[in-house]
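Read the structure below first, then the notes.
Every read-out reported here was derived from the displayed coordinates using simple, explicitly stated rules and does not represent laboratory data. Only a predicted model underlies this, so the values are computations on that prediction, with no experimental measurement involved. Cβ: placed from backbone, ideal geometry, glycine included. Neighbour counts: every protein chain shown.
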Amino acid sequence: MKILLVEDSATLRHAMSQYIVDAGHTPLVAESGEQALQLLEDNPVDMIIMDVEMPGLNGFETTALIREWLGDHWIPIVFVTGMSEDEDYRQGIEAGGDDYLIKPVSKMIITAKIRAMERIADMRDQLNRLNSELEAISQLDSLTQIYNRRTFNEQALKQWLLASRQNTCISALMIDVDHFKLYNDHYGHPAGDACLKEVTAAIEQCLNRPYDLLGRYGGEEFVVLLPETNKEGIANISQRIRRSLADRQVAHDVSPTSDTVTVSIGGACCLQTTGHTLEGLIKAADRALYRAKHSGRDQFSI
Ligand code: GH3
Ligand code: MG
Ligand code: MG
Ligand code: MG
Ligand code: MG
């Protein structure tokens with residue numbers, strides 16, 4: 001760990017930095033609160049050991065400023081001070097300190113305290129990692145690993161606002177697997193799940209641009225948002241998606257309309273966003289999907 005030591009007494013500074021080195025860590029040394037704040041600007045540290053009585057900013061004031069500056073990022077701050085009143089202790093913790101040691105403090109105590117704080121910092125790192133993992137998981141649909149409906153809506157809104165600012169067209173597709181209930185009934189639910197993954201792969205293969213968005217909207221229903229894509233564009237992409245799925249030859253022995261799994265696709269295009277909404281665009285794609293279904297399935301409608 002890199003440990004910032006803030007101490008105005010030269011003797012203590014030298015002794016304590018030696019303790020830090022002996023404990024296997026790297027000391028960064030400040031003679032005052034002001035210098036500590038300055039050092040922190042360009043030197044991220046893992047822990048701070050802080051004197052209280054110093055000319056200029058005292059340890060409590062310095063700590064309060066550091067906490068404010070660090071915001072949500074927690075690092076351990078331990079006071080080492082000659083001020084031994086209960087009220088001093090209370091103030092130190094109140095200012096943002098994690099512990100409060102009263103001088104004189106032995107090498108063994110300092111070493112043990114660093115170890116304890118290191119353990120808590122490790123726990124913080126684990127929690128942060130877990131948090132990022134959970135956040136990533138919560139954005140995706142667990143079966144297909146594409147955006148779930150909520151994340152799709154969030155990301156789609158960003159693209160919609162971008163299209164509004166740049167005054168460009170934006171399109172949406174609703175894709176629904178044909179006769180999927182029959183597929184499940186015939187092949188079983190696990191096969192149905194595998195089929196949905198295959199459909200996902202078929203769609204993904206046809207989306208080339210990094211800002212094209214794909215989400216699982218419902219059970220066997222997918223939604224695609226295509227910025228800067230016009231009617232011809234979505235007709236093309238829909239054609240490619242249907243071809244890409246057909247090429248995969250996923251057998252559907254009980255479908256009344258095809259030997260293999262097919263999708264119906266509804267598309268809608270918004271040439272300019274003024275006077276329109278994202279929800280309106282998606283609803284229009286949904287109405288087009290309904291038309292594709294009622295015109296016999298396995299087709300694109302706009
Ligand atoms: P249509 O051609 O009109 O779309 O008919 P359909 O049978 O595909 O439509 P319907 O809405 O009647 O049935 C959808 C089926 O999708 C019913 C449901 O059990 C199935 N389904 C939804 N989510 C999942 C899933 O995650 N896994 C599996 N295996 N099936 C699912
Ligand atoms: Mg002092
Ligand atoms: Mg249906
Ligand atoms: Mg369906
Ligand atoms: Mg459906």
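Near residue 53, the amide H atoms lying under 5 Å from its own belong to 59, 82; only residues 5 or more places off or on other chains count, and H is placed 1.01 Å from N. Rounded to the nearest 10 degrees, the angle from helix 33-42 to the longest Cα principal axis of the chain is 30 degrees. Indicate the gyration tensor shape class of region 1-129 (rounded, prolate or oblate), computed on the Cα atoms with a ≥ b ≥ c the square roots of the eigenvalues: a/c under 1.5 is rounded; otherwise a/b larger than b/c is prolate and the rest oblate. Rounded shape, in that the Cα axes give a/c under 1.5. Each residue of region 55-60 was assigned a 3J(HN,Hα) from its phi angle through the Karplus curve 6.51 cos²θ - 1.76 cosθ + 1.60 (θ = phi - 60°); the sequence is x, x, 4, 7, x, 5 Hz, with glycine and proline shown as x.
For region 1-60 versus region 101-150, the inter-centroid distance based on Cα atoms is 24 Å. Under 28 Å of direct C-alpha separation, and excluding same-chain neighbours fewer than eight residues apart, residue 197 reaches these lysines: 158, 181, 231, 283, 293.
For the chain, the relative contact order works out to 14 percent when only alpha carbon pairs closer than 8 Å and six or more residues apart are counted. Compared with the alpha-carbon gap, the fully stretched path from residue 279 to residue 236 is longer by 13.2 nm at 0.36 nm per residue. Roughly speaking, what % of Cα-Cα pairs in the chain are separated by over 34 Å, rounded to a whole number? Value for the chain: 50 percent of Cα pairs lie more than 34 Å apart. A dipole drawn for region 188-271 from +1 and -1 charges on Cβ atoms has a positive end, and of 235, 245, 265 the residue lying farthest that way is 235.
Between residue 171 and 226, 228, 229, 270, the built amide H atoms are under 5 Å apart, and every one of these is 5 or more places off in sequence or on another chain. Annotation: Cα Rg of region 177-257 relative to the compact-globule expectation 2.2 N^0.38 Å equals 1.16.
Under 5 Å from the amide H of residue 5 lie the amide H atoms of 28, 29, 30, 49, each residue being 5 or more positions distant or on a separate chain, with H modelled from the backbone and absent for Pro and chain starts. With the cut-off at 1.5 for a/c, could you classify region 81-143 from its C-alpha gyration tensor as rounded, prolate or oblate? In terms of gyration-tensor shape, oblate.
First check a/c for region 94-189, with a ≥ b ≥ c the square roots of the eigenvalues of its C-alpha gyration tensor; if it is under 1.5, answer rounded, and if not, answer prolate when a/b is larger than b/c or oblate otherwise. In terms of gyration-tensor shape, oblate.
Dividing the helix sum by the residues of the chain, where each DSSP H run of 4 or more adds -39500 (n - 2.57), gives a mean residue ellipticity at 222 nm of -17000 deg cm²/dmol.
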